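Quick notes on the structure that follows.
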Amino acid sequence: MPELPEVETIRRDLEVKIVGHRIKDLKILSVKTVALAPAVFYKNLIGQRISKVLRRAKLLIIRLEPSNKYLLVHLKMTGQLIYKVKNKLIVGGHSSGNYRSGGRNVDADDSKNLNDLPNKHTRVIFTFTNSSQLFFNDLRKFGYLKLVTELELEGIVRNSYGIEPLTKEFSLINFSQALKGKKTNIKAALLNQKNIAGLGNIYVDESLFAARINPKRRADSLKPGELKVLWLAITKIIKRAVEYRGTTFNNYVDSAGRQGNFFKLLKIYGRGGEKCPRCHNPIKKIKLAGRGTHYCPVCQL
DNA sequence: CCTTGTGTTCTCCG
DNA sequence: CCGGAGAACACAAG
């Protein structure tokens, strides 16, 4: 599940690897994946040069020149962006899998999958003029590629997303303001991209655990002290997750085809039934805000 | 049946 | 009846 840290890891890799490259060819293997008629998509992309790779929440934003349009890439649950120079792999992405039940080992499978691209989940292939290629893979076809103008991008960025962790605007005051008056539970409030941008199921559970706050609490019931602890927890966890190049709970791979390392630091996510690392009571797994939710009912109040 | 990010639709309440 | 908030559903495929 790519959330902010995973998408940011991909963004940083792509920034180094594809900025300056010109698109020579394009193959659309899944029409549904591209939010535009294939012929129009070809016409708009071929000949364009990548000038920037940006991110807002979980959305990747690729600037094209000279058209000055933007290619938006959303990975949703199982999307991957994999960059390949001839036979060597450079940039990774995400897909679904199950390393935990399989014994915490995805290296072998990933390497195998990445080495024979395109595979059956490849939906779009970009070929650059230097012959390198970018593959968009997506097992479940939830992800999409979209082309927008600068004006449309501004609208999306402004209207769809709240404050962005890792930026200066993510202050305690703005964080508190974003949750103020929210009558829903804190888990749903944090998952809502219009409040806080980029958090998903894993990092919300981890942050609430670190802050010792029960995910069922009403957002507007949090006291100033609790808001501060939660804000600090989110800041710390997201920063560290980026340093660790994201979480491979399933099949995330980085630029060298390696998994993200933050899974080693997960305290609560995916640990239903195990002992709480803080108080040693059983970790509960419930359904909340329509999502699997892991928490310790004893030490998260 | 389960998994999840997000867009859409439904429902509730004042 | 309207607007907004929040909840529920839809989507896909393994």
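Pairs to check: A:LYS120/A:LYS267; A:LYS58/A:LYS187; A:LYS194/A:LYS264; A:LYS187/A:LYS236; A:LYS84/A:LYS168; A:LYS76/A:LYS239. Give those whose C-alpha atoms are more than 25 Å from each other in this structure. Show your work: numbers first, answer last.
Details: A:LYS120/A:LYS267 34 Å; A:LYS58/A:LYS187 18 Å; A:LYS194/A:LYS264 29 Å; A:LYS187/A:LYS236 18 Å; A:LYS84/A:LYS168 34 Å; A:LYS76/A:LYS239 21 Å.
Going by Cα-Cα distance, A:LYS120/A:LYS267; A:LYS194/A:LYS264; A:LYS84/A:LYS168 fall outside the 25 Å limit.
Among A:31-39, A:162-170, the peptide with the highest mean count of other Cβ atoms within 10 Å heads the list, and the full ranking is A:162-170, A:31-39. The HN-Hα couplings worked out from phi for the stretch A:286-298 by the Karplus form 6.51 cos²θ - 1.76 cosθ + 1.60 (θ = phi - 60°) are 10, 9, 9, 6, x, 10, x, 10, 10, 7, 9, x, 8 Hz, whole numbers, x standing for Gly and Pro.
Which shape class applies to the stretch A:162-295: rounded if a/c is under 1.5, otherwise prolate when a/b exceeds b/c and oblate if not, where a ≥ b ≥ c are the square roots of the Cα gyration tensor eigenvalues? Can you show the working numbers first?
Values: a/c = 1.79, a/b = 1.20, b/c = 1.50.
Cα axes put the stretch A:162-295 in the oblate bin.
For A:LYS183, a cut-off of 14 angstrom between C-alpha atoms picks up these aspartates and glutamates, skipping any fewer than 8 places away in its own chain: A:ASP220.
For chain A, the relative contact order is 21 percent, taking Cα pairs closer than 8 Å that sit 6 or more residues apart in sequence and dividing their mean separation by the residue count. Stretching the chain fully between A:VAL19 and A:LYS43 yields a gain of 6.6 nm (0.36 nm per residue, less the alpha carbon separation). Label reach from A:ILE156 (point 7 Å along Cα→C-beta): in the stretch A:73-87, amide nitrogens under 19 Å belong to A:73-82.
FYI, it's all coordinate maths here, none of it is from the lab. Only a predicted model underlies this, so the values are computations on that prediction, with no experimental measurement involved. Quick reminder, even Gly has a Cβ in these numbers, built from the backbone with ideal geometry, and neighbours come from all protein chains shown.
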